[in-house]
Amino acid sequence: MGYLFGLVGYPAKHSKSPWIHEHFLHQHSQQGAYRIFETSPELLRDQLHALKLVEVDGFNVTVPYKEEIIPYLDEVDEYASSVGAVNTVHVKDGKWIGYNTDGRGYVRSLLEQYPDTKLNETRVLLLGAGGAARGIYRALSEVGCPVIDIANRTASRGEALLSLRCEGTHSSVLSLAEAENELSTYDLIVQTTSVGMSPNEDNQIISLRNVRDRAIVSDIVYKPFETSLLIEASSKGARVLHGHGMLIYQAALAFEQWTGMSVEADHILTKFEQQLKGDTTC
Ligand code: ATR
């Protein structure tokens with residue numbers, strides 16, 4: 001029999017998730033499959049009811065349903081509920097339990113690449129305030145980052161993130177111009193918007209002229225692999241964190257939630273990096 005996992009989203013057919021999860025299954029010599037349940041908005045309700053009848057062990061949820069899935073769940077864990085979005089559903093004793101592994105996946109990708117990072121001493125600048133930023137903000141606050149400032153084009157959206165703050169984190173909302181000027185005060189800069197994503201590869205959300213030497217600059221965009229922001233970061237002596245790690249580690253955390261087995265993601269990370277560098281269609 002083996003495990004059955006899946007993905008609910010729209011569009012979803014080009015997702016890398018089947019490839020990633022089949023790799024994890026193989027790593028543990030487990031039988032199983034990961035299916036794509038591409039579901040248009042008008043069919044979401046019926047598709048989810050149909051999914052309740054299938055013996056699925058767990059599934060991921062992607063755009064545009066990370067919030068819409070919540071009313072269909074029996075339980076939502078505390079982190080996902082505070083972020084207001086679910087990307088992982090674990091089916092346990094017939095119950096659908098919602099989790100969110102995006103932000104924690106980001107933190108794991110950071111620590112896997114830079115294990116010496118002392119997050120409780122790290123001053124963070126978050127660029128953007130959309131769905132991805134919410135998850136990352138909460139995850140970084142939860143692990144004790146003392147400062148997480150938010151710079152967003154629209155100030156009111158930046159302010160909305162402040163309700164996700166855990167005790168011990170201080171946050172201010174800045175304009176993108178202010179962030180550019182203050183850049184040297186941050187140890188970690190996290191770009192969470194789609195600015196710079198292919199085909200608009202020349203776009204860059206802020207200039208890094210004031211970045212501190214050895215700061216970590218990370219971009220969640222992974223197509224192109226080297227975004228314009230990361231190219232500038234390297235040229236200024238900063239360290240970089242590429243965007244594909246978040247995708248791989250959010251999947252690793254979902255797999256661990258579903259199976260109770262821990263995964264080692266180095267190999268797949270390298271393979272994915274090779275694909276991104278060599279093949280723009282992957
Ligand atoms: P996601 O869920 O993928 O994070 P989103 O909720 O639409 O997507 O959020 C997109 C983020 O990218 C927002 O922070 C948005 O800024 P606004 O809140 O001002 O809209 C930011 N963004 C998108 N395009 C941008 C651009 N050209 N310049 C600056 N910020 C941009």
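The values are calculated or read from the model by the stated rules, or taken from the named source; none is laboratory data. Quick caveat, the model's predicted, so the values are computed rather than measured. Backbone-built Cβ (ideal geometry, glycine too); neighbour counts: all protein chains shown. These area figures cover heavy atoms from the full protein model, side chains too; ligands, DNA and RNA do not enter into them. Shrake-Rupley method; radii C 1.70, N 1.55, O 1.52, S 1.80 Å.
General observations
- Among the residues here, Gly158 does not qualify as within 30 Å of His49 (Cβ to Cβ) and either in contact with a helix residue (DSSP H, G or I) (Cβ under 9 Å, 6 or more places away or on another chain) or open to solvent by less than 20 Å² (accessible area, probe 1.4 Å) (or both).
- In this structure, Ile148 does not satisfy being more than 16 Å from the ligand (Cβ to nearest atom) and part of a strand (DSSP E or B).
- Taking the conditions (1) within 11 Å of the ligand (Cβ to nearest atom); (2) in contact with a Pro (Cβ under 9 Å, 6 or more places away or on another chain) in turn, His170 satisfies each one other than (1).
- The set of residues from region 69-87 being charged (D, E, K, R) and either part of a helix (DSSP H, G or I) or within 18 Å of the chain's Cα centre (by Cα) (or both) comprises Asp77, Glu78.
- Pairs are defined by a Cβ separation below 7 Å, a sequence spacing of at least 6 or placement on different chains, a first member in region 28-48 that is open to solvent by less than 70 Å² (accessible area, probe 1.4 Å), and a second member that is β-branched (Val, Ile, Thr); the pairs so defined are Phe37/Val8; Thr39/Val8.
- Total residues in region 203-235 satisfying the condition of being under 19 Å from the mean Cα position of the chain (by Cα) and among the charged types (D, E, K, R): the figure is 3.
- From Asn181, Asn200, residue being within 22 Å of the chain's Cα centre (by Cα) and more than 30 Å from His90 (Cβ to Cβ): Asn200
- Subset of region 10-27 [buried (at least 18 other Cβ atoms within 10 Å of the Cβ) and either touching a strand residue (DSSP E or B) at 6+ places or on another chain (Cβ under 7 Å) or aliphatic (A, V, I, L, M) (or both)]: Ala12, Ser17, Ile20, His21, Leu25
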